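Reviewing the structure listed below.
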Amino acid sequence: MKSTSRPVAATPMAFVRAIMLGYEKYGVDPSEALRQAQITPAQLRKPDARITAAQMETISGVAMRELDDEALGWFSRKLPWGSYGMLCRASITAPNLGVALKRWCRHHRLLTDDIGLSLSVAGDVAHYAIAEQRRLGALREFCLVTSLRSVHGFACWAIDSRIPLRETSFPFAAPPHHGVYPLLFPGPVFFSAAGAGFSFDAQYLALPLRRDERALRTMLQRALPLTVLQYRRDRLLVQRVRELLRQRASELTTADALSHALHVSTRTLHRQLSDEGAALQNLKDEVRRDEAIAQLCRSTKSIKQIALTVGFGNEKSFARAFKQWTGASPSEYRRSAPA
């Protein structure tokens, strides 16, 4: 018998009630938006009710048009339909993601000064932050969540890569529906923080944008899913795995340990590496080979010491693997290396 799967209702009704506050602010009847999204008054009143991503897309889109405000009442002035499209167009011609996000922050000030956006880099970590410059009231949570999801969704789309988040923070206490946050923000989520923002690997900032005006027009027709659905492919996963193995090889000896460090499941790790044409064992061998070669050429360590350093239990198994990698034994390779 063929089974059918139904869309998962994970979006909290609290976000819909926030949209209703926007309707109340502008004195507009929300019944048509609720009807199109198939949300009944009884569901709307139920504290723990959930809706699907498609329903959230529908009600958000209808509300933005009916209210002529893409901010849905968050700010002290409206953001007319097309405002965020303008932000995308201002950023899409940037040479890389870092420049695109800087433009996004700068041009957002033309839309509103109720919040300020910033991008900073410290070492290998990039941080995107929201500074609240006026009280957002009952719309605070929905505004901050959607603002972070919008820019993260745009960034992932622009470079055609999932961008894992090292952490995401919010300056309010964990709401009753806090369980949905890991679905919206991959990685650790913290509440009651000093401000709203997220951090990620700064290497993503150097990636070139992979979209043009035609792709942008297509995306803008269905831009709202970017705020509720996760981008799946990570174009830097192979590079991040290599780096972690170089830095923490003795600690991350298993696929489970490595996937935990990357905040993904072991199954997802293997699948995404396969999508990028790589395999975890090959990456491990590549990192061990490079480290072994470096130590053979640059140190006076014995072959046995090097074998243990790069993760082999004994010199014999190391020599066998090294010959498979290079065609020479470790001692032969050391003798032939340039002085």
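Quick look at the numbers
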{"item": "Filtered residues of the stretch 284-303 (kept if farther than 18 Å from residue 254 by Cβ, in contact (Cβ under 8 Å) with a residue 40 or more places away in the chain and crowded, with 16+ Cβ neighbours inside 10 Å)", "result": "291, 293, 296"}
{"item": "Test: residue in the stretch 219-235 that is over 22 Å from residue 136 (Cβ atoms), in contact with a helix residue (DSSP H, G or I) (Cβ under 8 Å, 6 or more places away or on another chain), at pLDDT 75 or above and among the acidic types (Asp, Glu)", "result": "no"}
{"item": "So residue 162, is it buried (at least 17 other Cβ atoms within 10 Å of the Cβ) and in contact with a Pro (Cβ under 8 Å, 6 or more places away or on another chain)", "result": "yes"}
{"item": "Among the candidates 258, 273, 252, 269, residue that is modelled with pLDDT under 85, in the same structural domain as residue 317 (by TED's automatic domain parsing), part of a helix (DSSP H, G or I) and of a type in the set (A, V, I, L, M, F, W, C)", "result": "273"}
{"item": "In the stretch 37-88, the residues that are surrounded by 15 or more Cβ atoms within 10 Å (Cβ to Cβ), on the phi > 0 side of the Ramachandran plot and within 25 Å of the chain's Cα centre (by Cα)", "result": "72"}
{"item": "Subset of the stretch 121-148 (residues that are in a helix (DSSP H, G or I) and either modelled with pLDDT under 95 or not aromatic (Phe, Trp, Tyr) (or both))", "result": "137, 138, 139, 140, 141, 143, 144, 145, 146, 147, 148"}
{"item": "Pairs with Cβ under 6 Å, 6+ apart, first in the stretch 32-45 and in a loop (DSSP other than H, G, I, E, B), second surrounded by 11 or more Cβ atoms within 10 Å (Cβ to Cβ)", "result": "37/55; 37/58; 37/59"}
{"item": "Among the candidates 118, 161, residue that is assigned to a loop (DSSP other than H, G, I, E, B) and either modelled with pLDDT under 95 or closer than 30 Å to residue 244 by Cβ (or both)", "result": "161"}
{"item": "Single condition residue 214 does not satisfy, out of (1) among the charged types (D, E, K, R); (2) assigned by TED's automatic domain parsing to the domain that holds residue 82; (3) modelled with pLDDT under 85", "result": "(3)"}
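The values are calculated or read from the model by the stated rules, or taken from the named source; none is laboratory data. Note that the coordinates shown come from a computational prediction; the quantities given were computed from them, not determined experimentally. Note that each Cβ is placed from the backbone with ideal geometry, even for glycine, and that neighbours are counted across all protein chains shown.
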